[in-house]
Amino acid sequence: MSTRSGFIGLAGRPNVGKSTLVNALVGSHVAIVSVRPQTTRRAIRGVATDLEAETQLVLVDLPGVQRPRDALTKRMQSRVERELAESDVALLVVNGEEGVGPGDRFIAGLLKAARTEIPVICAVNKCDRIARRGTIDSLTEAAALPAVDEVFPISARAGTGLDELLHRLGELIPEGPYMYPPEDSSDQSSELLLAELIREQVLNRTRQEIPHSVEVKVQSVEPREDGLVTVVAEIWAETESQKGILIGRRGAKIGEIGTGARRSLERELEAQVHLDLNVRVRRNWRRDEDMLDRLGIE
Ligand SMILES: Nc1nc2c(ncn2[C@@H]2O[C@H](COP(=O)(O)OP(=O)(O)OP(=O)(O)O)[C@@H](O)[C@H]2O)c(=O)[nH]1
Ligand SMILES: [Mg+2]
């Protein structure tokens, strides 16, 4: 038997659970997840290799499709379009709890206009939150979307329906050699993954404009003889007032973020971590094209 391997591009509105689904299919925390919409900024490739079935799915987690507001969101949007054009299968994720809405129809329309020849699979997610009747309604609505070929009810969080989805995706990708070593789970550099894990803590512990204004940059990762790893990172905010909120009264907020981030880094690195976090103001980083280049947000 020969191997099969292919790219699965994930499309969907912000917050429907695309990154949660990528993590669940890959079986490891490669993409950050938060309660805030527009969490994902870069196209992250999660690799799911099944040695028995001889298939390798490269799941391309993408930013949620939205109307661009600034240089950052414009880049996110055009990345989504390019990635989908290069995929073997498009996986459209919708929120089954909310049902299919105009945003989903807009994205399905884009898929139809862009590439009619690649199969479009629709995953109706968050089925753990709805009763059977609601699931059937959401599936029916999803099946009626333009471009959608097949629908799968799933819960990325609870893990239900994922085997069926994986199996079908494995059938749809072309024959060919693996594109990543089977033991890999993502294409991200270790620094980028660690920065994202810190940003995940910021997103889940702040509100309003803060989540969108923040970027995290890891400056160094140094393992010591005794196994302790020192990670030095900067959290960027766009204004002094945002910096103040991030630090909090007597450093309470940054302390909370730091503790959560340290635990998350320790799980990832499987080592004790000393985390040195500094908050800095970088005005307008989201509008600065050179800065976005340097951040790898293409
Ligand atoms: N109940 C339930 N919640 C889920 C499920 N999947 C994801 N979520 C939650 O939905 C929220 C958004 O999840 P993400 O995976 O970050 O969503 P996303 O589509 O990647 O969002 P963007 O990156 O902003 O486009 C988080 O709070 C998740 O925990 C699910 O199957 N069931
Ligand atoms: Mg995401």
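To the nearest 10 square angstrom, how much accessible area does K74 have with a 1.4 angstrom probe?
Here the accessible area works out near 130 Å².
GNM, the chain, Cα, under 10 Å: largest mean-square fluctuation among L25, L110, L92?
Looking only at L25, L110, L92, the biggest GNM fluctuation is shown by L110.
Hey, how many Å between the Cα centroid of region 266-298 and the Cα centroid of region 238-255?
16 Å
What per residue convex hull volume, in Å³, comes out for region 1-131 when only alpha-carbon positions are used?
On the way: hull volume 15.4 nm³, N = 131.
Given the Cα convex hull of region 1-131, per-residue volume reads 118 Å³.
Counting alpha carbon pairs within less than 8 Å and at least 6 residues apart, what relative contact order, in whole percent, applies to region 124-187? It would help to have the intermediate numbers written out before the result.
Values: 39 pairs, mean separation 18.1, N = 64.
It rounds to 28 percent for region 124-187.
What do you get for Rg/Rh over the chain if you use C-alpha atoms and the Kirkwood form of Rh? The partial results should precede the final answer.
Numbers: Rg = 19.7 Å, Rh = 20.1 Å.
Ratio value, two decimals: 0.98.
Of I247, I32, I121, which has the largest mean-square fluctuation in a 10 Å C-alpha GNM of the chain?
It is I247.
Across region 192-199, in residue order, what do the Karplus-derived ³J(HN,Hα) couplings come to in whole Hz, using 6.51 cos²θ - 1.76 cosθ + 1.60 with θ = phi - 60° and x for Gly and Pro?
Coupling constants for region 192-199: 5, 4, 5, 4, 5, 5, 5, 4 Hz.
Relative contact order, percent, of region 157-298 when contacts are C-alpha pairs under 8 Å separated by at least 6 residues?
Values: 153 pairs, mean separation 29.9, N = 142.
Relative contact order for region 157-298 comes out at 21 percent.
With the dipole of the chain worked out from charges on the C-beta (+1 for Lys and Arg, -1 for Asp and Glu) around the Cα centre, which of G258, Q272, S155 lies farthest toward the positive end?
Towards the positive end, the residue furthest out is G258.
Between region 174-226 and region 73-98, what's the alpha-carbon centroid distance in Å?
When both Cα centres are located, 20 Å separates them.
Heavy atoms only, probe 1.4 angstrom, no DNA, RNA or ligands counted: give me R13, R133 ranked by accessible area, highest first. Each step should come with its number before you reach the end.
On the way: R13 55, R133 150 Å².
Ranking R13, R133 by accessible area, largest first, yields R133, R13.
On a 0 to 90° scale, report how tilted helix 252-269 is relative to the longest principal axis of the chain, with both axes built from alpha carbons and the result rounded to the nearest 10.
Around 60 degrees separate the two axes.
Going Cα to Cα from K253, which lysines come in below 27 Å? Please leave out same-chain ones fewer than 8 positions away.
Cross-link targets: K217, K243.
Pull up the DSSP beta bridges for region 217-298 and report the antiparallel fraction as a percent, rounded to 5.
Values: 6 of 15 bridges.
Approximately 40 percent, going by the DSSP bridge assignments.
Using only Cα atoms, find the angle between the long axis of helix 162-172 and the longest principal axis of the chain, and express it within 0 to 90 degrees, rounded to the nearest 10.
Around 70 degrees separate the two axes.
Antiparallel as a % of all DSSP beta bridges within region 1-150, to the nearest 5?
On the way: 7 of 24 bridges.
That works out to approximately 30 percent antiparallel.
Looking at the chain only, what percent of DSSP beta bridges run antiparallel? Nearest 5 please. Provide the component values of the computation, followed by the final result.
Numbers: 18 of 47 bridges.
Of all bridge pairs located within the chain, approximately 40 percent are antiparallel.
Relative contact order for the chain using alpha-carbon pairs under 8 Å, separation at least 6, rounded to a whole percent?
On the way: 591 pairs, mean separation 57.3, N = 298.
Computed value for the chain: 19 percent relative contact order.
Using modelled amide H (1.01 Å from N, peptide plane; none on Pro or chain starts), what sits under 5 Å from the amide H of V273, excluding residues fewer than 5 places away?
Hits under the 5 Å cutoff: V229.
State to the nearest 20 debye the size of the charge dipole of the chain about its Cα centre, where the only charges are +1 on K and R beta carbons and -1 on D and E beta carbons.
1640 debye
Protein chains only, probe 1.4 Å: how do H167, H274 rank by accessible area, largest first? Walk me through the numbers on the way to the answer.
Details: H167 120, H274 95 Å².
If we order H167, H274 from most to least accessible, we get H167, H274.
Would you mind checking the radius of gyration and Dmax of region 213-290 based on alpha-carbon positions, in Å?
Here Rg and the maximum Cα pair distance are 13.9, 42 Å.
Could you give the dipole magnitude of region 98-139 about its Cα centre, charging the beta-carbon of Lys and Arg +1 and that of Asp and Glu -1, in debye to the nearest 20?
On the way: 7 positive and 5 negative charges, 12 e Å.
Value, rounded to 20: 60 debye.
Against the 2.2 N^0.38 Å scaling, with N counting residues, where does region 112-195 land? I'd like the Cα-based Rg ratio to two decimal places.
Details: Rg = 16.3 Å, N = 84, 2.2 N^0.38 = 11.8 Å.
That ratio works out to 1.37.
With +1 assigned to the C-beta of every Lys and Arg and -1 to the C-beta of every Asp and Glu, and no other charges, what is the dipole magnitude of region 193-298 about the Cα centre in debye, to the nearest 20? Before the final figure, lay out the partial values.
Details: 18 positive and 20 negative charges, 134 e Å.
With Lys and Arg at +1 and Asp and Glu at -1, about 640 debye.
Which residue, T40, T135, T206, tops the fluctuation ranking in a GNM of the chain built on C-alpha contacts under 10 Å?
So, out of T40, T135, T206, the one fluctuating most is T206.
In whole Hz, with x marking every Gly and Pro, tabulate ³J(HN,Hα) for region 51-63 from phi via Karplus 6.51 cos²θ - 1.76 cosθ + 1.60, θ = phi - 60°.
So the Karplus estimates, Gly and Pro as x, are 5, 5, 7, 6, 10, 10, 9, 9, 8, 9, 7, 10, x Hz.
Using only Cα atoms, find the angle between the long axis of helix 71-85 and the longest principal axis of the chain, and express it within 0 to 90 degrees, rounded to the nearest 10.
30 degrees
The values are calculated or read from the model by the stated rules, or taken from the named source; none is laboratory data. Everything quoted here is computed from the prediction, not taken from an experiment. Heads up, the Cβs are rebuilt from the backbone with ideal geometry, glycines too, and the neighbour counts pull from every protein chain shown. Areas reflect the complete protein model, heavy atoms only, side chains present, ligands, DNA and RNA absent. Shrake-Rupley method; radii C 1.70, N 1.55, O 1.52, S 1.80 Å.
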